[in-house]
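**Q** Once you've had a glance at the structure underneath, I'll fire off some questions.
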Amino acid sequence: MGMEFIELRDIRKSYVMGDMTVPVLKGVSLTIASGEMVALMGSSGSGKSTLMNILGCLDRPTSGECWLDGEEVSRLSNDQRAFVRNHKLGFVFQSFNLLPRTSALDNVAMPLSYTDEGLSEREARQRAAEMLSRFGLGDRLHHEPSQLSGGQQQRVAIARALINRPPLLFADEPTGNLDSKTSEEVLRMFEQLNAQEGITIIMVTHDLGVARHAQRTIHVSDGLIVDNAVTAPPTTGPGGGT
Amino acid sequence: MRIHTTARTALRALARNPMRAMLTTLGIVIGIGAVIAMMEIGAGSSAALQKTIASMGANVLVIRPGTASSGGVSFGSGTTTTLTPEDSAAILKECPAVRNGAPIVRARTQLVYGNRNWVPTYIYGTTPSFLDVQDWPALAEGEPFSERDVLNATKVCLLGRTLVRELFADESPVGKEIRLNNVAFRVVGVLGAKGANMMGLDQDDIVLAPWTTIKYRVTGSSLSSSNQSATSGASGDSVNTLSNIYPGSQPSLYPERSAVQAANNPMPVRFANVDQILVAARSAADVQPALAQITALLRERHHMRPGEPDDFNVRDLTEMTKALSSTTTMMTNLLLAVAMISLVVGGVGIMNIMLVSVTERTREIGLRMAVGAKGGDILRQFLVEAVVLCLVGGAMGILLGHGGSQLVRIFMQWPVATSPVAIAAAVLVSASVGMVFGFYPAWKASRLDPIEALRYE
């Protein structure tokens, strides 16, 4: 069997609280293929956030293996994992997490300062401007987050997540702070990115309406995967085939 | 992450909260400002103080002939006659640590003007350099005698304030004639007032005249009375020929020798001797080198063998030099202590605000880590922020301190001296304060767990 893009093998994670060991993940195995759009669902306390942190190289499992793009990431050093996050992963958060009092342009260009590509300030800002234009914010480059609407802020956040052209995008409750209309916009944007550019997207959500946009929904409950069903056929964009 | 990118990130982060950055750096601004102002005012005062003490004679060395002794009886300091005006000239020419020097011939006799008379404490025969060596204030009236007057043994003199008061009352003495030991002198100038010296002697009770005049016209005893040899020996020396032009008052004890006698039995040539030589070193620090140079030079000129004791004494005013150096050292230490305290206070202020800032920006740190910042990147970012704060504060402090000291100079007429060393030190110190006090908050930031940090409210 060829190596999948993401493969988890018997991932376990437990937290030590005083004398007690609280298991959060109790042996999760999972594969996600390149180009998939997956929703990770579960009630709060189910372990879905922990699972996402492990997938996102922010946390280490207690045991088990986590393969990402042919690399076992759970045993990497902190700096190596920072490198993986910088180059292969993009994060979109529920609360946008934009730097306050900082222009949209600088917010988007921020991850570039941690790459070792050696981009000059001008190249970095140019790339950030292109990225923002793609998301329809070409006229908002120098606006600060407080001058942008929620939908615009989330688009800035998506632009920031994609500035390093990662193959994998994590979205943690991406529509949690948005009204239904802008939620639809953002989700359609994800679908487009997935279809047109083949970016693998993992959305963490507890909203069935959001999960419906994914091709597959993984239900997590009490530290285990309980349902792993394909809910919809892969969506096709204008430029993508079937 | 390259350093200028880091610097830009840090500047942008500081610019997000300019008011707080300003207030944070205020401690450093005041600290460095105080240091610079104090250093400048202190350096100015120190220079002024040194000048004052130098005018009291701290840089002056006194060279006196050694003791003569006969049959176990020593006659005390200044009794040999080996010190010459040529020694004085040679010291000036060959000792680099010496600024100026003047030979002195002393006399003690009555001074007469009209129906008044007075015996001055000092009657000095010297050269015009004397005024410079003693750092004498400018002449109150007239002008000093010249080198030419010295060569010609002109009968001119300068009077001190006390003499003017005693002999002339309200008249101006310039151009008047006074008599010294029945020799008429024309007064060419009046010395500025100098007051009493450290021993309480009135320094204004003084007559200055060319040393040749005092030596050959007033005391008149130099060669014929104090020495048996060469009373009439024709030496080639220009100065010594003066003793032929102006012979002493005492008659020669021995019959004149013929040319044949002189050729058969040559007499050693004696030079005119002086009672002491005053020498000014270039600065207080040059006093010791000057002393060594003079001793070496005079030993050579006087043909002293190794091991043979000096036939002269060189004395410096050690007490004053000590007072001078201890004053300067104390002042420097005081300034340093004040500087340290204010900088530590400023540094603690920076650390405090940086800690607050790290807590407040926990989410930002989490986010930066999530998009790929390494611990080292975060550490560097916060460290650079602290250093930038301190450097900007240091720069403002330098301007503030310099401006302050200039105000002091303008409005209080205090002497100040710009000190490039202090400015360089201030820049270095503020950068290191930033490093030292910025390190702990930066280290704390770099150790944050990205998950915890992102979840922080």
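**Q** Please go through (1) under 14 Å from B:LEU26 (Cα atoms); (2) modelled with pLDDT under 85; (3) touching a Leu at 6+ places or on another chain (Cβ under 9 Å) for B:THR328 and return the number of the only condition it doesn't satisfy.
**A** (1)
**Q** Looking at region B:399-457, which of its residues are of a type in the set (Lys, Arg) and farther than 30 Å from A:LEU58 by Cα? It would help to see each step written out before you state the result.
**A** If we filter region B:399-457 for residues that are of a type in the set (Lys, Arg), which is where we start, we get B:409, B:444, B:447, B:455.
Selection gives B:ARG409 alone.
**Q** So for region B:367-376 (the condition being part of a helix (DSSP H, G or I), touching a Ser or Thr at 6+ places or on another chain (Cβ under 6 Å), within 14 Å of another protein chain (Cβ to nearest Cβ) and of a type outside the set (Lys, Arg)), does at least one residue qualify?
**A** Scanning region B:367-376 turns up at least one residue that is part of a helix (DSSP H, G or I), touching a Ser or Thr at 6+ places or on another chain (Cβ under 6 Å), within 14 Å of another protein chain (Cβ to nearest Cβ) and of a type outside the set (Lys, Arg).
**Q** Quick check on my filter: what residues within region B:18-38 are within 14 Å of chain A (Cβ to nearest Cβ) and in contact (Cβ under 8 Å) with a residue 24 or more places away in the chain?
**A** Across region B:18-38, the qualifying residues are B:ARG20, B:ALA21.
**Q** Can you give me the ranges of the strands (runs of 3 or more DSSP E) entirely in region B:51-123 with at least 3 residues that are in the same structural domain as B:THR162 (by TED's automatic domain parsing) and not hydrophobic (A, V, I, L, M, F, W, C)? It would help to see each step written out before you state the result.
**A** Working: elements: B:60-65, B:98-107, B:111-113, B:116-118.
By residue number, B:98-107.
**Q** For region A:29-50, indicate whether the set of residues that are over 20 Å from the mean Cα position of the chain (by Cα), exposed (fewer than 14 other Cβ atoms within 10 Å of the Cβ), closer than 27 Å to A:PHE190 by Cβ and at pLDDT below 90 is non-empty.
**A** Quick first cut of region A:29-50, residues over 20 Å from the mean Cα position of the chain (by Cα) only: none.
No - not one qualifying residue is present in region A:29-50.
**Q** Select from region B:347-365 the residues that are in contact (Cβ under 8 Å) with a residue 12 or more places away in the chain and under 12 Å from B:TYR440 (Cβ atoms) and write down the one among them that is nearest to the other protein chains (Cβ to nearest Cβ).
**A** B:VAL358
**Q** Also, quick follow-up: Working carefully through the options A:ARG122, A:ARG127, find the one that is touching a residue at least 24 places away in the same chain (Cβ under 8 Å) and on the phi < 0 side of the Ramachandran plot.
**A** Details: A:ARG122 fails: touching a residue at least 24 places away in the same chain (Cβ under 8 Å).
None of the other options fit; the residue is A:ARG127.
**Q** Checking the condition over 28 Å from the mean Cα position of the chain (by Cα), closer than 22 Å to B:ALA34 by Cα and either surrounded by 18 or more Cβ atoms within 10 Å (Cβ to Cβ) or within 14 Å of chain A (Cβ to nearest Cβ) (or both), which residue from B:GLY404, B:GLY434 passes?
**A** B:GLY434
Residues are listed down the side, and each one gets a yes or a no for (1) more than 30 Å from A:ARG165 (Cβ to Cβ); (2) of a type in the set (Val, Ile, Thr); (3) not assigned by TED's automatic domain parsing to the domain that holds B:LYS444:
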| residue | (1), (2), (3) |
| --- | --- |
| B:LEU335 | yes, no, no |
| B:ILE350 | yes, yes, no |
| B:MET354 | yes, no, no |
| B:SER357 | yes, no, no |
| B:GLU364 | no, no, no |
| B:VAL371 | no, yes, no |
| B:ILE378 | no, yes, no |
| B:PHE382 | no, no, no |
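**Q** Another question, if that's okay. Applying the selection to region A:111-145, what residues are under 21 Å from the mean Cα position of the chain (by Cα), assigned to a helix (DSSP H, G or I), more than 14 Å from chain B (Cβ to nearest Cβ) and surrounded by 16 or more Cβ atoms within 10 Å (Cβ to Cβ)?
**A** Correct list: A:ARG127, A:LEU132.
**Q** I've got another one for you. Return yes when B:VAL112 is of a type in the set (Val, Ile, Thr) and either surrounded by fewer than 19 Cβ atoms within 10 Å (Cβ to Cβ) or at positive phi (or both) and no when it is not.
**A** For B:VAL112, the condition - of a type in the set (Val, Ile, Thr) and either surrounded by fewer than 19 Cβ atoms within 10 Å (Cβ to Cβ) or at positive phi (or both) - is met.
**Q** Filter region B:199-230 down to residues that are modelled with pLDDT of 50 or more and more than 21 Å from B:PHE130 (Cα to Cα) and give me whichever is surrounded by the fewest Cβ atoms within 10 Å (Cβ to Cβ).
**A** B:SER221
**Q** While we're looking at this one, here's another question. Inspect all residues belonging to region B:184-193 and state whether any of them is among the hydrophobic types (A, V, I, L, M, F, W, C), modelled with pLDDT under 90 and farther than 21 Å from B:SER129 by Cα.
**A** Scanning region B:184-193 turns up no residue that is among the hydrophobic types (A, V, I, L, M, F, W, C), modelled with pLDDT under 90 and farther than 21 Å from B:SER129 by Cα.
**Q** Okay, moving on. Of the residues B:ALA422, B:ALA431, B:ALA417, B:ALA395, only one is outside any helix (DSSP H, G or I), within 22 Å of B:ILE32 (Cβ to Cβ) and assigned by TED's automatic domain parsing to the domain that holds B:LEU26; which?
**A** The match here is B:ALA417.
**Q** Out of A:GLY70, A:GLY90, A:GLY47, A:GLY35, I need the residue that is among the small types (Gly, Ala, Ser), within 23 Å of A:ARG165 (Cα to Cα) and within 14 Å of chain B (Cβ to nearest Cβ). Which one?
**A** None of the other options fit; the residue is A:GLY90.
**Q** Report those helices (runs of 4 or more DSSP H) wholly inside region B:231-310 carrying at least 1 residues which are exposed (fewer than 10 other Cβ atoms within 10 Å of the Cβ) and either at pLDDT 90 or above or not hydroxyl-bearing (Ser, Thr, Tyr) (or both).
**A** Passing ranges, in order: B:242-245, B:259-264.
**Q** Testing B:ILE41 on (1) out of contact with any helix residue (DSSP H, G or I) (no Cβ under 7 Å at 6 or more places or on another chain); (2) touching a residue at least 60 places away in the same chain (Cβ under 8 Å), one condition comes back false. Which one is that?
**A** (1) is the only condition that B:ILE41 fails.
**Q** What number goes with the only condition from (1) at pLDDT below 90; (2) within 12 Å of another protein chain (Cβ to nearest Cβ) that A:VAL108 does not pass?
**A** (1)
**Q** Can we say B:LEU158 is under 15 Å from B:ILE123 (Cα atoms), part of a strand (DSSP E or B) and of a type outside the set (S, T, N, Q)?
**A** The answer is yes for B:LEU158.
**Q** Which condition from (1) at pLDDT below 85; (2) surrounded by fewer than 20 Cβ atoms within 10 Å (Cβ to Cβ) is the one that B:VAL35 breaks?
**A** Failing condition for B:VAL35: (2).
**Q** Read through the list (1) in a helix (DSSP H, G or I); (2) within 30 Å of B:GLY66 (Cα to Cα), then give the number of the only condition that B:ASN333 fails.
**A** (2)
**Q** Here's something else I'd like to know. Out of the residues in region A:93-102 that are at the interface with chain B (Cβ under 7 Å from one of its Cβ atoms) and of a type in the set (S, T, N, Q), which is farthest from the chain's Cα centre (by Cα)?
**A** A:THR102
The values are calculated or read from the model by the stated rules, or taken from the named source; none is laboratory data. Here the structure is a predicted model, which means the values were calculated and not measured. Cβ: placed from backbone, ideal geometry, glycine included. Neighbour counts: every protein chain shown.
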